[in-house]
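In what follows, a single structure is set out as structure tokens and then discussed.
The values are calculated or read from the model by the stated rules, or taken from the named source; none is laboratory data. These numbers come from a predicted model, not from an experiment. Cβ atoms come from the backbone with ideal geometry, glycine included; neighbour counts cover every protein chain shown.
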Amino acid sequence: MRKLTITMSLLLSLGMFFACSSDDEVAGMGNGSDFKMMNEEDFDSVYQVKYYAQNPGLNMKQGYWTPNGFIELFPQSTPPYNLLVRWSDEQGKKAIDYILEKNSDVMTKEAYMDSENEYRITSNIYFESPYIYVSSYYKSSEWNRYSIVVLPQIMLKMKDGKSVETVIKDYADIMTLNKEIELKSLGLYSLYLFDCNLKTSRALLELNADIFQRDDVEYSDFNTYGDYDF
């Protein structure tokens, strides 16, 4: 098996999306007496961690646009929650290690594939911190299990005659151009991969929807993980 990073619209158009795990929920983190009873929101000033009994995005309409319309995504509504956590610096690594140690009774972690800056965490509580990026696991009407994870990256294609420099300028505070991907050999134009300085998957999905509807952008999509046999 090989790890790929690929956008959702391409995955769905090819009918090829497979999650890194086939389990809807991870065993061993049930709703027993060890569940830490939380208020609607608890705050830890160390690393500014917010804890929630439920995902705060449950009442928000989340998803992404395709040429055929809007695809709604639904995060897990009950624990245990599967979460992708990514950090970009040493402070982020310290933050997630602190969170895990302090909540070891309701959280477990595993390294996410071969990455050095990601964990997959199974937890009976949802949490966020400005030092880390947290993605829920989602399902959709097209893919009816919680197996879609949102990476903090957006890939877009500009309309003919439009420059990517306008996007770089307009979103300079939250997006950085990572690389240009040349696909001319496939009869396509360049794609542009951006790294996004956001802290939650719902914020990333909102940004992606905003970019998709720009007049100068042909399409925009978030990145996700998929496993494929070759």
Only listed residue being part of a strand (DSSP E or B), within 17 Å of the chain's Cα centre (by Cα) and in contact (Cβ under 8 Å) with a residue 60 or more places away in the chain, chosen from L193, L156, L205 = L156
How many of the residues making up the range 107-149 are touching an Asp or Glu at 6+ places or on another chain (Cβ under 6 Å) and part of a loop (DSSP other than H, G, I, E, B)?
-> 3
Based on what the data block shows, is S147 buried (at least 21 other Cβ atoms within 10 Å of the Cβ), on the phi < 0 side of the Ramachandran plot and of a type in the set (S, T, N, Q)?
-> yes
From the option list L177, L83, single residue qualifying as surrounded by 13 or more Cβ atoms within 10 Å (Cβ to Cβ), not polar (S, T, N, Q) and not assigned by TED's automatic domain parsing to the domain that holds S45 is L177
Filtering the range 85-106 down to residues that are in contact (Cβ under 8 Å) with a residue 40 or more places away in the chain and not in a loop (DSSP other than H, G, I, E, B) yields V85, R86, Q91, G92, K94, A95, Y98, I99, K102
Name the one entry in Y131, Y171, Y119 that is within 18 Å of K199 (Cα to Cα) and surrounded by fewer than 19 Cβ atoms within 10 Å (Cβ to Cβ).
-> Y171
